[in-house]
Every structure is written in C-alpha cells, then in structure tokens.
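Scroll down for the structure; my scribbles are underneath it.
The values are calculated or read from the model by the stated rules, or taken from the named source; none is laboratory data. Owing to the predicted nature of the structure, the values given are computational and were not obtained by experimental measurement. Every residue, glycine among them, receives a Cβ derived from its backbone with ideal geometry; neighbour counts consider all protein chains shown.
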Amino acid sequence: MKKRRLRYAPSPTGSLHIGGARTALFNYLLAKNSGGDFIIRTEDTDIERNIEGGELNQIENLEWLGLVIDEDAIKGGDFGPYRQTERIHIYNKYIDKLLKKGIAYECWCSSEELEKDRERQLASGIPSPRYSGKCSTNPEPKKDITPSIRIRVPKEEVFTWNDGVRGGISITGKDFGDWVIRKSNGIPTYNFAVVIDDHLMKITDVLRGEEHISNTAKQIHLFKQFGWDIPRFFHLSIIIGKDKKKLSKRDEKTLQFIHLYKERGYLPEAIFNFLSLLGWSTGNEKEIFSKEELIKIFDEKRLSKAPSFFDINKLHWINNEYIKKLNEKELWDFLNPFIKNEDLSKEQKKLIFKTFQSQIKEGIEIIELTKLFTMNFSVEKEPKNFAIENIEVIKEFKNKLKSNNDWDAITIKSLMMKVGEELETKGRKLMMPIRIATTGKEHGPDIASILTIFGKEKTLQRLKEFINE
C-alpha cells in the first residue's frame, strides 16, 4: 500500500485559528494512524494579506498542540520548497505545458470588462455569473494589459468524486466555467497551485473544510488534464457556536485562536483531545484520550458531515480533567507563570496550587483565587450578620488555635470539631462563621486547607480583627 502523505496548508495571514487547528489535527491523526507523513505547506501567494511571523505562529502553535511535523518550510524535506512563493517557477512550467497543448489560453479582458459582464448576468437573472469565454477563441491582445491565463472547461462534463465524508458528489463544468489559473500579476491562483503541489509532494489524502467542495471539481479537472492520480478528498463539517451559526472570526464571544487558549492556561493535551471530538466520533462514550490513543483509534469512516458544536463548557471540563492529573512539578510549571505577587513564599504557592487544583478550568483562574491570600477583604452584610450570630464559635476557635503549636490541615480540622463538641454545634453553624471571619466568603475550598496556607499568625490576626469589629 502506498505510504499516506497528508498536508495542512495554512496561509500566513493570521494566527492559528480553531478551525485550522482542527483541520491540521485530523490530517495529522490520519497520517500517523497509518504510519504516514504529516506536512505543512505555506500557501503565501496572497502577498498583500501575509503578516510578519504568520508562518511561524502557525507552526509553533501546531507543535505546542503536540503535532509532530515531518516536513515544513523551516525544517525542510525531500519535496520542497514548502512555500508557494518559492515555487512560482514550478507553476509557470506547468502553465506553459497547458498553453502549448491549447488546454489553457490568454485572457485579455480587463477587470472593468469582467465586472460589466458580471453585472449583466446578474441583471438577467443568473445568480452565479460565469466567465463568458470570449477570449477562448481569437483573443484580441491589448496594450497596457497583461493577460491572465484561463483553463478550458468542457461545459457538459460532470466531475464526480467519492468524498470520504459525504459520499458521491457531482459538479458540472458549466457550474464554474473557464477559470483563471494565473492572475495578470503573474501569481498562480490557489486552485492551480494546490494541484501542482499535491501531485509533486505525493499527497494521497486531502482533509479540509466543506467550503472547499466547490473547488474540488476544478482541481479534479486539472489532475485529469495532466494525467495524474487524484488524491482522496474529505470535506470536514463546519464548527458552529452557541447561535448555531458557523464559528466566525468576528465572533467576540468565543476565543478564536489557539495562542489565546495557551495564554489563558489550557493544556495542549486538553485542546488536542477536545478538537479531535469536533466532527469525529470515537464509537463509544469515552471522551478523555491521550494523543497516542487517538492516533491508534482514528478512523476516517467516523468523520461526521453534521455541524460540530463548539461547547466551551465541555472544553472547560476536559481541561480540568487534565489539570487534575498533573503531578506537583507539572502543576507548579503550569500555574506559577500566572503568579506575579512576591508576597507569597514558594511553599505557600505550592499549597495554593494543590488546594485549587481540582476546581481550576483555566490556568488564569489562579490569579483571582490567589487574591484570597494576599488582599484585604470586606464582608457583605448578610454573611457578616450570620457570623456575628455565631461569634462564640469564632472566639473559641481562635483560643484553641492560639494555644496549639501544630499547624496543618488535619490539626486545624480537629480543633474545629472540638469547638463544635464544646458548643454543641455542627455543619453550617460551625464551619461557615470561621470561613466568613477569615476569608470574607460563604463558600470555597476546604477551609482547613485555606488556613494552612494563611499560616497561624495571619489566621489569628483575621479572627481577632473580626471579633473586635
């Protein structure tokens, strides 16, 4: 069996988007499931929209997610160059072949002419205007115009392929007409360059978004003109947001780019796991998988054509599951970069991280949680009144702490229980007054763990201040 080679081909016009990351991930999983290669090809011919660092952003964020890239523009490979702007001479060679065979021709129509023709077609009720083909026979060269190059498309030919996600799809030549393969500025178009690249780089399978379905017939036509093998096409479902509409880069309610998730404290393994379930099913109820497990079980037959819902609550849950599995060193390396406050010792920070580990959904949450240990607080009227009603609990707890030399969560909890026994109280009336007096909050993590982090001196000071108010 031919070695499978799959590619993700981003444009360096922005940061790595959720949709792009999902596409790259599925290409990676299918390649590695079969022992194949995963390639990054930079489609940078839209020069005006390219941004500095765009290519590196894509590659670095994919590697952060855990995708091991076999070939790209930085590390190279046997099928380079891997940037389209460095392959113009290759594209021109194949365009010349098509021109010599009469399969392609020069189009001298100006942009003004093309726009007028488009407007006429729209006015006559044609919903999707097509090029008229006026230059396909006896074109008239014009001064001050550099011609574009178009490829002839048989109007009645039906281009059919068996899509790996959607089954049989057919598009007729008249639906898209003679299309431009090289623009008048000398830059080959996407639909031309991608075919040349996929052939020369020996790409066997193409997984991409469903918005590319309309491009596929054009590309199949070109593959046929050169007599080349056609790769297997898979058109992935769209990702939708809460409003049931396609996730838009303009949707400010959803974080759109991978680096933003990294900055907010999402583990790469969690994002990898979450994205793998957007438009693909495992065949069972299990939802937490390691990268190695996903590579082993990935099956293209379970790719879904139904829209996949970007559920941020599910992502929170998955990230929390991975955070809970971190050992002490991993937890420290993950959370410590968020903490800029120097008032806390390393040991205090370690205890804080461990205390809140089970509840954190995003690493950035630790900033707010840490304020409990560094900032002064005020108590709202209702909880304050409740604590005052049970002030004897607070006083007795303070006295027991003061006369006790040990300081750990077990000892603190034991002293609380003794207070309860002596005052014949328990539950809410025992624990909550102590919590309110020391943290200002009615709810939170285990109060004994919180006071352990505070330390004896700070705990006694807060109890004293509340009693004396």
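Worth pointing out:
- Counted residues, region 71-94 - those being surrounded by 18 or more Cβ atoms within 10 Å (Cβ to Cβ) and either part of a helix (DSSP H, G or I) or not hydroxyl-bearing (Ser, Thr, Tyr) (or both): 7
- Listed conditions (1) more than 24 Å from the chain's Cα centre (by Cα); (2) in contact (Cβ under 8 Å) with a residue 24 or more places away in the chain are all met by LYS224, apart from (2).
- Among the helices (runs of 4 or more DSSP H) confined to region 202-308, the ones with at least 2 residues that are closer than 27 Å to PHE338 by Cβ are located at 258-264, 268-276.
Rundown of residues vs (1) within 21 Å of HIS17 (Cα to Cα); (2) outside the structural domain of LEU315 (by TED's automatic domain parsing); (3) buried (at least 22 other Cβ atoms within 10 Å of the Cβ), yes/no style:
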{"position": "GLU211", "(1), (2), (3)": "yes, yes, no"}
{"position": "LYS224", "(1), (2), (3)": "no, yes, no"}
{"position": "GLY241", "(1), (2), (3)": "yes, no, no"}
{"position": "LYS244", "(1), (2), (3)": "yes, no, no"}
{"position": "THR254", "(1), (2), (3)": "yes, no, no"}
{"position": "GLU269", "(1), (2), (3)": "yes, no, no"}
{"position": "PHE274", "(1), (2), (3)": "yes, no, yes"}
{"position": "GLY283", "(1), (2), (3)": "no, no, no"}
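- Residue in region 118-131 that is touching a residue at least 40 places away in the same chain (Cβ under 8 Å) and surrounded by fewer than 17 Cβ atoms within 10 Å (Cβ to Cβ) present: yes
- Number of the exception - ARG302 against (1) in the same structural domain as SER34 (by TED's automatic domain parsing); (2) farther than 22 Å from GLU210 by Cβ; (3) of a type outside the set (Asp, Glu): (2)
- Count of residues meeting criterion [in contact with a strand residue (DSSP E or B) (Cβ under 8 Å, 6 or more places away or on another chain) and either surrounded by fewer than 23 Cβ atoms within 10 Å (Cβ to Cβ) or not in a helix (DSSP H, G or I) (or both)] in region 24-47: 10
- Exactly one residue out of GLY125, GLY133, GLY76 is modelled with pLDDT of 95 or more and on the phi > 0 side of the Ramachandran plot: that is GLY76.
- Options ILE323, ILE297, ILE288; residue that is among the aliphatic types (A, V, I, L, M), modelled with pLDDT of 95 or more and crowded, with 19+ Cβ neighbours inside 10 Å: ILE323
- Boolean, VAL153 is of a type in the set (A, V, I, L, M), crowded, with 17+ Cβ neighbours inside 10 Å and outside any helix (DSSP H, G or I): yes
- Within region 334-350, the set of residues being surrounded by fewer than 19 Cβ atoms within 10 Å (Cβ to Cβ) and of a type in the set (A, V, I, L, M) comprises ILE339, LEU344.
- Listed by first and then second residue, the pairs linking a residue in region 182-193 that is closer than 18 Å to LYS224 by Cα to a residue that is assigned to a helix (DSSP H, G or I) and aromatic (Phe, Trp, Tyr), with Cβ atoms under 6 Å apart and 6 or more places separating them unless they lie on different chains, are ALA193/TYR91.
- When region 123-150 is filtered for residues that are farther than 22 Å from ARG182 by Cβ and not in a loop (DSSP other than H, G, I, E, B), only ALA123 remains.
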